[in-house]
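Worksheet for the structure shown next.
The values are calculated or read from the model by the stated rules, or taken from the named source; none is laboratory data. None of the values given here were measured: they were computed from a predicted structure. Reconstructed Cβ throughout: ideal geometry from the backbone, glycine too, with neighbour counts over all protein chains shown. In case anyone asks, the SASA skips ligands and DNA or RNA and just uses the protein heavy atoms, side chains included. Shrake-Rupley method; radii C 1.70, N 1.55, O 1.52, S 1.80 Å.
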Amino acid sequence: LASDSPAILKYAKDIIYPEKGAMQGPESKYYTWFNFTPDGKYEAWWGIEILPRLKHDGKGCSEYFLNDDGVIAHYLKKGTAGWRLDVADELSDSFLDGLKKAARGAKGDALVIGEVWENATEKVAYGKRRKYLRGSQLDSVMNYPLRKGIMRFELDGDAEFLSDVLESIYSTYPKTVCDSLMNILGTHDTERALTVFGKGDDETSDEAGSILANKRLSAEDKSIAIKKMKLATAIQFTVYGVPSVYYGDEAGVEGYRDPFCRMPYPWG
């Protein structure tokens, strides 16, 4: 949630809304949506001040998302196919249960996919074993393990590692989950696949942003990278799941760590 949202209004003096935001005190209907310290500061996601952390299970906030006319149902009724949940680890079991119920209630075949970087059946978050794939929460997840397996295969020729990754996923995930996996080679949180293949490793580059913003592969490295990208894509499109192409990957976009992996699409 942004810090200039009507719900919190950190910058109320600059933005005019008819209702008081949580920063204006307990009389705001949004006050219970956040955790406040005695000095009036709000809890932020990972300490990032511009991202106030919502109390999803709190009174008012939960209803705003999960009621029959809440956010989840509203957009599904307008034609959205489903929801991809960013950082699913941050959402409680009770909220995820309610979200899935709200989604299915609004649209019988609504898809709910979670961002989970590890094997979702083994995931432990905040000291608690999660139950994403037991039927009441997520239909499937982003397939980051597959990405890791493909990268190792392409960069190091490690077919055994890729085989182990696939066996681990398909032997622990229900078939319906496997059929709906979001199979990725790159995302907004990873270096561009073409860049990874071109530089020859999947390690996050630690050079200064001023350098990475303009750094590109040589013609020779890019030629090799394109060949590896084609082979990687063949795997991505033929294993169980739904291939998900990160915008620009199909057009040769390069980019290092966030935010450089989010370069504009090369229109034309």
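Compute the convex hull volume of the Cα atoms of the chain, divide it by the residue count, and report the result per residue in Å³ as a whole number. Each step should come with its number before you reach the end.
Values: hull volume 48.0 nm³, N = 268.
Here the figure is 179 Å³ per residue.
For region 247-255, in order, what is each residue's ³J(HN,Hα) by Karplus, 6.51 cos²θ - 1.76 cosθ + 1.60 with θ = phi - 60°, in whole Hz (x at glycine and Pro)?
The phi angles translate into 3, x, 4, 6, 10, x, 5, 9, x Hz.
In 5 Å bins starting at 0, how do the alpha-carbon pair distances of region 77-173 split up by percent?
2, 13, 21, 19, 16, 12, 9, 5, 2, 0
With charges set only on the Cβ (+1 for Lys and Arg, -1 for Asp and Glu), what does the dipole of the chain come to about its Cα centre, in debye to the nearest 20? Present the calculation step by step, with values, prior to reporting the outcome.
Numbers: 35 positive and 41 negative charges, 152 e Å.
Dipole magnitude for the chain comes out near 740 debye.
Starting from the Kirkwood radius over alpha-carbon pairs of region 148-241, derive D by Stokes-Einstein at 37 °C in a medium of 0.692 mPa s and give it in µm² s⁻¹.
D = 225 µm²/s.
Over all alpha-carbon pairs of region 26-87, lay out the pair-distance distribution in 5 Å bins, whole %, shortest bin first.
4, 16, 19, 23, 17, 13, 7, 2, 1
Relative to the compact globular guide of 2.2 N^0.38 Å, what is the alpha carbon radius of gyration of region 73-114, as a ratio?
For region 73-114, the normalised Cα radius of gyration comes out at 1.09.
Once the dipole of region 57-198 is set up with Lys and Arg at +1 and Asp and Glu at -1 on Cβ about the Cα centre, which of M151, V177, I72 lies farthest towards its positive end?
Towards the positive end, the residue furthest out is I72.
Can you tell me, using C-alpha contacts under 8 Å and at least 6 residues apart, the relative contact order of region 41-143 as a whole percent?
23 percent
Could you sort out which of K123/K199; K20/K100; K10/K55; K123/K148; K29/K101; K55/K148 sit more than 21 Å apart by Cα distance in this structure?
K123/K199; K20/K100; K29/K101; K55/K148
To the nearest 0.05, what FRET efficiency results for D221 and D86 with a Förster distance of 30 Å applied to their C-beta separation?
Efficiency computed from Cβ-Cβ geometry: 0.40.
Probe radius 1.4 Å, ligands and nucleic acids ignored: give me the carbon and sulfur share of the accessible area of the chain as a rounded percent.
The C+S portion of the solvent-accessible surface of the chain is 55 percent.
Order these peptides, 200-210, 53-63, by their mean beta-carbon neighbour count within 10 angstrom, highest first.
53-63, 200-210
Kirkwood hydrodynamic radius for region 1-145: how many Å is it when counted over pairs of different Cα atoms?
16.5 Å
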